[in-house]
């Protein structure tokens with residue numbers, strides 16, 4: 001019972017400090033939170049929490065503020081992530097529904113997340129190497145020219161032109177499209193490349209020297225494999241809401257400069273975000289738990305996103321340790337779910 005009461009006191013201190021940025025005293029806790037005990041009892045609980053390193057007194061005669069250890073316990077003891085309101089869900093759905101392609105989806109997601117949390121939002125572009133082939137379309141532009149359209153599970157679309165050495169009739173094009181999709185659809189990038197090469201070899205072995213099948217298949221397969229080997233998007237991130245840092249003023253000044261510098265380096269951001277987690281799991285790293293000592297006054301809240309619970313990439317927010325963790329975790333999870341849903345339907 002005593003431990004539960006102390007946890008309630010810690011929770012109240014965190015909530016008040018996040019809301020006011022002022023050290024919290026025992027009298028204010030009793031008045032605001034209806035803890036059902038006297039200020040003296042709360043003072044004893046606060047003394048115990050301070051001895052255990054969960055709260056600290058910034059200066060003599062001041063109230064208490066949470067430490068990183070206190071935030072950690074607060075987050076770990078959250079029984080549920082705060083649910084988004086119906087109005088918030090409608091706003092998210094409406095904002096995301098107008099996206100026209102993957103770039104638009106990512107940019108909308110990062111703007112939405114920064115607005116919901118009033119923090120710096122970071123969205124990693126889907127990692128190509130983790131995606132699967134959804135469909136390959138072959139369009140005849142001329143008897144010896146094909147447009148190859150590669151559609152991945154990430155929503156990414158690649159288009160390439162292929163010049164053939166001989167005319168390709170409709171029946172051969174149909175058979176080629178069937179061969180390509182049978183080999184690639186549903187496979188990861190690496191597996192699809194291997195299966196496509198094997199298919200090209202089989203066609204080449206049985207094709208007549210005067211028939212275009214073998215040459216066309218080899219040309220199309222070579223083009224698709226080249227398109228799939230383009231990993232430029234694996235290191236791409238979108239960042240939004242850097243101006244939100246201004247609202248922290250002097251209290252966050254020593255952390256703003258290194259954080260702003262980190263926002264310029266995508267490799268640093270990707271390491272800060274960590275590995276994508278599937279299944280709706282939200283990860284919170286507080287202060288020194290992160291990979292960079294210069295960002296020890298920063299917390300990172302992240303989760304993975306992708307179709308069918310496959311975590312293709314990460315999204316999340318970066319901000320001061322003094323943040324609304326329940327609300328931020330809810331927003332990160334909600335945006336990830338909507339983004340995953342859009343990719344699943346793409």
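The values are calculated or read from the model by the stated rules, or taken from the named source; none is laboratory data. None of the values given here were measured: they were computed from a predicted structure. Neighbour counts run over all protein chains shown; Cβ positions are idealised from the backbone, glycine included.
Summary of values
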read-out	value
Lone unmet requirement of (1) under 25 Å from the mean Cα position of the chain (by Cα); (2) surrounded by 14 or more Cβ atoms within 10 Å (Cβ to Cβ) for residue 64	(1)
Filtered residue count, the stretch 21-59, keeping only those that are assigned to a helix (DSSP H, G or I) and either surrounded by 12 or more Cβ atoms within 10 Å (Cβ to Cβ) or touching a strand residue (DSSP E or B) at 6+ places or on another chain (Cβ under 8 Å) (or both)	18
Hits in the stretch 152-171 (condition: surrounded by 15 or more Cβ atoms within 10 Å (Cβ to Cβ) and part of a loop (DSSP other than H, G, I, E, B))	153, 154, 155, 156, 164, 168
Subset tally (residues that are in a loop (DSSP other than H, G, I, E, B) and in contact with a strand residue (DSSP E or B) (Cβ under 8 Å, 6 or more places away or on another chain)) for the stretch 78-106	1
Residue check for residue 12: over 19 Å from residue 325 (Cβ atoms) and in a helix (DSSP H, G or I)	no
Which numbered condition residue 276 fails, given (1) outside any strand (DSSP E or B); (2) out of contact with any strand residue (DSSP E or B) (no Cβ under 6 Å at 6 or more places or on another chain)	(2)
Boolean, residue 161 is more than 37 Å from the chain's Cα centre (by Cα) and modelled with pLDDT of 90 or more	no
Filter result for residue 148 (within 24 Å of residue 263 (Cβ to Cβ), in contact with a helix residue (DSSP H, G or I) (Cβ under 7 Å, 6 or more places away or on another chain) and either free of Cβ contacts under 8 Å to residues at least 40 places away in the same chain or in a strand (DSSP E or B) (or both))	no
Positions within the stretch 72-96 being out of contact with any helix residue (DSSP H, G or I) (no Cβ under 7 Å at 6 or more places or on another chain) and at pLDDT below 80, in sequence order	79, 80
Residue match in the stretch 206-227 (condition: buried (at least 18 other Cβ atoms within 10 Å of the Cβ), outside any helix (DSSP H, G or I) and modelled with pLDDT of 65 or more)	no
From 131, 109, residue being buried (at least 17 other Cβ atoms within 10 Å of the Cβ), in contact with a strand residue (DSSP E or B) (Cβ under 7 Å, 6 or more places away or on another chain), under 23 Å from residue 344 (Cα atoms) and at pLDDT 85 or above	109
Total residues in the stretch 251-288, condition more than 19 Å from the chain's Cα centre (by Cα) and at pLDDT 80 or above	2
Residue in the stretch 82-98 that is in the same structural domain as residue 267 (by TED's automatic domain parsing) and closer than 24 Å to residue 225 by Cβ present	no
Flag if residue 75 is in contact (Cβ under 8 Å) with a residue 40 or more places away in the chain and either outside any helix (DSSP H, G or I) or farther than 22 Å from residue 289 by Cβ (or both)	no
Which listed residue is in contact (Cβ under 8 Å) with a residue 24 or more places away in the chain and surrounded by 24 or more Cβ atoms within 10 Å (Cβ to Cβ), from 299, 340	299
Conditions (1) within 19 Å of residue 235 (Cα to Cα); (2) assigned by TED's automatic domain parsing to the domain that holds residue 320: number failed by residue 153	(2)
Criterion: without any contact (Cβ under 8 Å) to a residue 60 or more places away in the chain, assigned to a helix (DSSP H, G or I), closer than 30 Å to residue 226 by Cα and out of contact with any helix residue (DSSP H, G or I) (no Cβ under 6 Å at 6 or more places or on another chain) - qualifying residue of 141, 174	174
Answer from 183, 192, 199, 121 - the residue that is surrounded by 15 or more Cβ atoms within 10 Å (Cβ to Cβ) and not assigned by TED's automatic domain parsing to the domain that holds residue 223	121
